[in-house]
Every structure is written in C-alpha cells, then in structure tokens.
Amino acid sequence: MAIDEGLAQRIREQLGEVPGLTEKRMFGGLAFLLNGNMAVGVHSDELIVRIGPDDTDAALARPGVRLFDVTGRPMRGWILVASSALTEDATLGDWIDQGRTFAATLPPK
C-alpha cells in the first residue's frame with residue numbers, strides 16, 4: 001500500500017530531532033516509534049495516532065477521526081485521522097504531541 005509521502009514528511013518536520021525516535025514500516029504504512037513504541041504513523045493518506053484507551057472517546061468526537069481497524073478488530077487507543085482534518089499544521093502537531101506523550105509513558109522496547 002502506498003502512503004502519503006507528503007504527510008510523512010510533515011510528521012518528520014514536526015517531530016524534528018527527538019532522541020529515541022525511529023521510523024519503521026508497519027501495518028502497511030509507516031510508523032514513527034519513540035523508544036520502540038509507536039506514537040504516530042501514516043496509513044495510506046491518514047494519520048495513525050496511538051493514544052491512551054481512556055482518551056479514545058474524546059478523540060472520536062473530533063472531526064475526521066475513526067478507530068484504527070485494519071484487521072476487522074478495532075483497536076481502542078489507536079485512531080486514524082483523515083487527511084481532510086489535517087490541513088492545518090497546528091492540528092497535525094496536536095495529534096503528534098498526543099501520540100508522543102502517550103508513547104513516552106510506555107516502557108522502552
């Protein structure tokens with residue numbers, strides 16, 4: 001599956017030089033991992049964000065957000081944000097910060 005390289009580049013620019021940050025092909029897309037834990041990624045032309053399960057309902061209330069589901073089993077705590085909801089760099093940055101903040105709470109892999 002092809003990914004939106006423009007979105008991937010925007011994520012790279014927003015993340016900058018973060019210690020412990022790596023990129024890896026996952027879920028048929030591209031993941032940005034913090035100390036081995038996924039924070040955000042690109043799936044086709046959507047943003048994947050790993051958030052706390054308790055934050056899922058609030059995230060789903062925002063425009064263009066749905067549960068991440070590529071296997072037929074939706075994953076609570078993982079969401080997809082439509083590209084149409086990411087036109088503003090500040091909005092993209094908010095989602096990246098949320099994913100990075102959650103990933104930082106997890107033990108390094």
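The values are calculated or read from the model by the stated rules, or taken from the named source; none is laboratory data. What you see is a predicted model, and the numbers here were worked out from it, not measured in a lab. Positions of Cβ are backbone-derived with ideal geometry, glycine not excepted, and every protein chain shown enters the neighbour counts.
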Going through (1) at pLDDT 95 or above; (2) closer than 15 Å to Phe102 by Cα; (3) in contact with a Ser or Thr (Cβ under 8 Å, 6 or more places away or on another chain); (4) not small (Gly, Ala, Ser) one by one, Leu7 fails only at (2)
Quick check on this structure: which one of Ala39, Ala31 is within 18 Å of Arg100 (Cβ to Cβ) and either among the polar types (S, T, N, Q) or free of Cβ contacts under 8 Å to residues at least 24 places away in the same chain (or both)? Ala31
Where in the chain are there strands (runs of 3 or more DSSP E), lying fully within it, with 1 or more residues that are surrounded by 16 or more Cβ atoms within 10 Å (Cβ to Cβ) and touching a His at 6+ places or on another chain (Cβ under 8 Å)? 29-34, 65-68, 75-81
For segment 54-72, pairs from a residue that is farther than 18 Å from Ser44 by Cα to a residue that is basic (Lys, Arg), with Cβ under 8 Å and 6 or more apart or across chains, are Thr56/Arg76; Leu60/Arg66
